[in-house]
Structure formats: C-alpha cells, structure tokens
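First comes the structure, then the notes that go with it.
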Amino acid sequence: MLRPGGSGKRFGKPGPGPAQPARDPRTRPRLARVPELPEVEALALDLRGRLQDRAIAQVHVAAFSALKTFDPPLSALEGTLVDDVTRHGKFLDIDASGLHVVLHLARAGWVRWRDEVPTIPPKPSTKSPLAVRIVLDDQSGLDVTEAGTRKSLAMYVVRDPADVPGIASLGPDPLTDDFTIDVLREILQREGRKQIKGVLRHQGTIAGIGNAYSDELLHAARMSPFKPASSLDDEELQTLYDAIRTVLGDAVARSRGLAASELKGEKKSHLAVHGRTGLPCPVCGDTVREVSFADSSLQYCPTCQTGGKPLADRRMSRLLK
Ligand SMILES: [Zn+2]
C-alpha cells in the first residue's frame, strides 16, 4: 500500500550533488552520475551474488521521506530469505521470500555494500547521506545513501513489484528479446512529432534509458536529438535500434563483475558526449555542445549528429523574445 504522495514516477530536477574537486568548468560531471539501466543492472548482479540465500535481519530507515509505503511493514522483512535481486527499468528489486524491497536511486542515490554494519540503529540525521540500512543475518549489509539536499530517493516494500506505480507504467525493456525493431518502430510512430531525445528517456515509453544514455546512443546513431520520432526512415530506424542495443549492451558488459564502488567511474570514463560539453568528440574531434532540454540539458556533437550546425537553444531564444 502506498503512502499518500508516494510515487515512483518523479524524476527530480538536477540537484547540486556533493562537492566535486575543482575542474574545467565547461564539463558537468554531476550529469554523469545518475544510475541508468546498465548501472542498475550491474548493481543487481553484484547484490544478487552477495544477498542470495542470506536472511534479512533488520531494515533501518534513517531518512523517512525515502520510504513510500507502510503496508507491509518493514518488520515483515525480518527473517526473510533473499531469493533474488533484479531490475525493472531503473528500479532495483530485492525479492525476499515474496516481499519486495524496491529502490529507485534517482539522481544522487547509491548502494554501498558493507562487510560489517554497526549493530546500533542509525540516528535520523539531515546531515548524513544514509537513507536506509539493510542488515543481514551475518552482520554484513548494505547502506542506501543519497547525496545532496534534494531528497528523491525512493524505497517501497510491496508484495508485487507492479504495486509500485513507476514500475507498473514502465515501457518495454530495451535489452530483452521482446524489444524487436518492430517494437521500436511502433513506439516511434505512436510518439509522432515528439523529439527523439525525449521519447527515448521517457520511462513509460522505453524503460531504463535516462539523460546520459539517450545522449550517448543518439551520438552513436549519428542522429539529432531534436529529430521527430515518426520521421525516421527504415535505415535510420535500424541504425537507432542497433545503437540502443549496442550502447546499453556494451555498458552492461563492461559493468558486469565490477563492485558497486567502481561502477560510477566506469560509466563516466566511457561517455562520448554526455557531460562532456566543450571537450572534443572522440569520433570526429569537433567540440561537444550543450543545449537545454526539458528539465536539464543535453550534449551532442554537431559534426556527428546535426550536419555541423549547432542546435538552437529553444529555451534561451524563447526567453530573449
Ligand atoms: Zn563527432
């Protein structure tokens, strides 16, 4: 049962995030930190190996705003065996004997494995990044943290993952066998004149692709982020489909086997355009550009994607009128 106001569909605006060492101001490292499909997939794999067949001893909530459900209660998890850890879009799902702990890490959330967790429950604190601690029967456990001040991390305890609204409304997963080129064609036709960038990262349309990977796979497909969805010809459709499978598949393959602590660095080091405004495109050497898009901004390479022409910043030109 959901708490009033609980919703898995809110994807917050960019928060300030934790302090970063001083660096080239043209780069925006904070944009590269949101876990998307490949990182959540790798997290699920990593946690499956650590949690499977262990029992949950206790669940401590330090940030009450993170918990979006009240029935079943947290105490129902105590003593349950973890059967599996999976992913739905960007949601992480710990299946504990038929109860599900579902986590949406949002913009600044992360999961940290600990070989030994303190036995004393954590004190709720607005200064600590700790949101939830799951203690296992051998005193190992995991800390779910959220950096920054914008609290959008969400945890749900449900009997069925589909009880989480953000999961119930997810579009198809782009890495499953069911996601064929015909499925993508239907989606793009249905979305009509909407810009392809927005279509790709809308969770109800396709699950798991966010701001970073939509930039990356459009760059791989050499396609303008503002191209209308239904305007793709057959060749462009094939190129985009291949880019989705390759960019996401490669990211998952690279992340597989990496511990949670290494995942974010891995993601950043392989991005071609996202978060790289002002830096050279690794394919052609042109300067990566940025325009505002919806609630944030996108990055692209003019030579690779827009015939050498920089995209007009529509928000800016609207303000200037
Ligand atoms: Zn380029």
inquiry  = Could you give each residue of the stretch 92-103 its phi-based ³J(HN,Hα) in whole Hz, using Karplus coefficients 6.51, -1.76, 1.60 with θ = phi - 60°, and x for Gly or Pro?
reply    = 9, 10, 9, 8, 10, 6, x, 9, 10, 9, 10, 10
key: Estimated vicinal HN-Hα couplings, Hz - the stretch 219-231 in sequence order (Karplus 6.51, -1.76, 1.60; Gly, Pro = x)   = 5, 4, 7, 6, 10, 5, x, 8, 5, x, 4, 7, 8
Inter-probe distance in nm under a simple model that places probes 7 Å from Cα toward Cβ, at THR176 and ARG254 = 2.6 nm
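Only loop residues by DSSP count here, and only those with at most 12 other Cβ atoms within 10 Å; note down the trypsin sites (Lys or Arg not before Pro) in the stretch 149-224 that meet that. Each step should come with its number before you reach the end.
Working: sites: ARG150, LYS151, ARG159, ARG185, ARG190, ARG193, LYS194, LYS197, ARG201, ARG222; in loops: ARG150, LYS151, ARG159, ARG193, LYS194, ARG222.
Those that pass, being in a loop and sparsely packed, are ARG193.
Going by average Cβ density within 10 Å per residue, which order do the peptides 69-79, 106-116 take, highest to lowest?
Working: 69-79: 14.7, 106-116: 18.6.
Top to bottom by mean Cβ count within 10 Å: 106-116, 69-79.
So, R0 is 51 Å and r is the distance between the beta-carbons of SER296 and LEU81; what FRET efficiency does that work out to, to 0.05? All intermediate terms of the calculation are to be shown ahead of the outcome.
On the way: r = 40 Å, r/R0 = 0.79.
According to the calculation, E is roughly 0.80.
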remark   = Rounded to 0.05, the calculated FRET efficiency for the beta carbons of ASP137 and SER65 at R₀ = 22 Å is 0.20
message = Taking the Cα centroid of the stretch 113-183 and of the stretch 55-106, what is the distance between the two, rounded to the nearest whole Å?
response = 7 Å
message = Let me check the size of the stretch 72-222 from its C-alpha atoms; what are the radius of gyration and Dmax in Å?
response = 18.1, 55
task = Provide the gained length on full extension for the span VAL283 to ASP160, in nm with one decimal, where the gain is 0.36 nm per separating residue minus the Cα-Cα distance.
result = 39.8 nm
key: Approximate spin-label separation ILE120-ARG190, in nm, with each point projected 7 Å along Cα-to-Cβ   = 5.3 nm
task = State, as an integer percentage, the relative contact order of the stretch 185-305 based on alpha-carbon contacts under 8 Å between residues 6 or more apart.
result = 24 percent
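Rank THR180, THR80 by accessible area, highest first, at a 1.4 Å probe radius? Walk me through the numbers before you get to the answer.
On the way: THR180 55, THR80 20 Å².
Ranking THR180, THR80 by accessible area, largest first, yields THR180, THR80.
The values are calculated or read from the model by the stated rules, or taken from the named source; none is laboratory data. Keep in mind it's a predicted model, so treat the numbers as computed, not measured. Counting neighbours? That spans all protein chains shown, and the Cβs are built from the backbone with ideal geometry, glycine included. Note: areas computed on protein heavy atoms with side chains; ligands, DNA, RNA excluded. Shrake-Rupley method; radii C 1.70, N 1.55, O 1.52, S 1.80 Å.
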